[in-house]
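Below is one structure, written out as structure tokens, with a few remarks after it.
The values are calculated or read from the model by the stated rules, or taken from the named source; none is laboratory data. Predicted, not measured: the structure shown is a model, and the values here were computed from it. The area values use the complete protein model at the heavy-atom level, side chains included, leaving out ligands, DNA and RNA. Shrake-Rupley method; radii C 1.70, N 1.55, O 1.52, S 1.80 Å.
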Amino acid sequence: MDQQQKSREEILAAIKAKADAIRAQRATAVTGEPSPKAAAPSATLETPVSAVNAAGRPAAKPVSPKIRALATVTQGVEIAADKAEDENLRKLLGGLGAYQNPLNPGIWQLDYRYYDEAKRRLTQAGYEIEEDQYGSVPLSKWDPYWGGWSKVEY
């Protein structure tokens, strides 16, 4: 019975050590600073994961970093980029519901609600975004009341 207790205690000690290592690894990933108990540092790069980029592979460096974003009247944002950037844009924006416009190659459609996150991801990946507006409403202030179909005075 003593031998059985000892093996059980050893097993629990091993499980606790593994859990501590996982906690330390997660703390390193969140804060960027290794905790004293951390065995090995982990990657701190945030990679978007979606059905399109299920493995969370990071996007490559942009070949053509200039992108043009245009607010449309249909509560969407058109993102125009070079054809060589399609794979990177698919990885970066696929989880936000962006899709290629079937009529205009090189143009990606995105709902305006996700534009701020798309802009953050694209800027972080090294793209330079030139914002353009539809009519008199700048893209940075564009929302369903300014753009779209309702005309509400602020």
Q) What's the Cα-based Rg to Rh of segment 56-137, Rh via Kirkwood? A) 0.93
Q. When all protein chains stay in place, what accessible area (Å², nearest 10, 1.4 Å probe) is found for Arg68?
A. 90 Å²
